[in-house]
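The values are calculated or read from the model by the stated rules, or taken from the named source; none is laboratory data. Computed from a prediction, not measured in an experiment: that's the story for all the values here. We place every Cβ from the backbone using ideal geometry, glycine too, and count neighbours over all the protein chains shown. The area values use the complete protein model at the heavy-atom level, side chains included, leaving out ligands, DNA and RNA. Shrake-Rupley method; radii C 1.70, N 1.55, O 1.52, S 1.80 Å.
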Amino acid sequence: MKNLMVAGVALCGLVALSSCKGSESAYRKAYDAALAQGNNTSTTNTSNQNNDYNDIPVVTPLTDQPVTDTRVTDNNDNVPVRTENLTVVNGSGLKNFSVVVGSFSVKANAEGLVERLRNQGLDAQLAYNSARGMYRVVASTFSDKASAVSSRNQLRNTYADAWLLYQGK
């Protein structure tokens, strides 16, 4: 019985291997035919190109265009702005638009960031949002939105989460 099973498995393996060989030869024939056709095409194209001038591609020469100065103005209307009522704790006062670079629930942490910003030459201020119980560290404050957006974009190199605050008077 064991010998019969071994013979059956061997026969199945032999049939499986012989069936693959036929498809390999078919692929080989198709490959050789395509290769032969590709060689014939390239030979005929080169002989036709020497005699037929209509197949030569026409290239349009480049012409220099004068450079015009195009000014791009940013549309600051789509920049998100938060509105909060803040009380200035330490600083000269907030204008309409401010750039906030940090929010802390602990006042000492906020004061540390304010000092670091002042050492960098910024007029940083500390403000408190009593509704949320958060201290906001304001790096710069402006009366117009465009200047605030520009300042925020520069500060985002160092403070990735910098955002705009609007406090209307």
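Results, tabulated for the structure shown:
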read-out	value
Test: residue in the range 133-155 that is within 15 Å of residue 86 (Cα to Cα) and not in a strand (DSSP E or B)	yes
Which numbered condition residue 9 fails, given (1) open to solvent by 100 Å² or more (accessible area, probe 1.4 Å); (2) at pLDDT below 70	(2)
Hits in the range 131-169 - residues which are more than 14 Å from residue 95 (Cβ to Cβ), of a type in the set (Ser, Thr, Tyr) and open to solvent by 70 Å² or more (accessible area, probe 1.4 Å)	158
Condition check for residue 89: assigned to a strand (DSSP E or B) and either in contact with a Gly (Cβ under 8 Å, 6 or more places away or on another chain) or more than 18 Å from residue 159 (Cα to Cα) (or both)	yes
Residues that are assigned to a loop (DSSP other than H, G, I, E, B), open to solvent by less than 80 Å² (accessible area, probe 1.4 Å) and without any contact (Cβ under 8 Å) to a residue 12 or more places away in the chain, drawn from the range 94-130	121
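Yes/no per residue for (1) closer than 17 Å to residue 161 by Cα; (2) modelled with pLDDT of 95 or more:
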{"position": "72", "(1), (2)": "no, no"}
{"position": "81", "(1), (2)": "yes, no"}
{"position": "95", "(1), (2)": "no, no"}
{"position": "103", "(1), (2)": "yes, yes"}
{"position": "109", "(1), (2)": "yes, yes"}
{"position": "112", "(1), (2)": "no, yes"}
{"position": "128", "(1), (2)": "no, yes"}
{"position": "139", "(1), (2)": "yes, yes"}
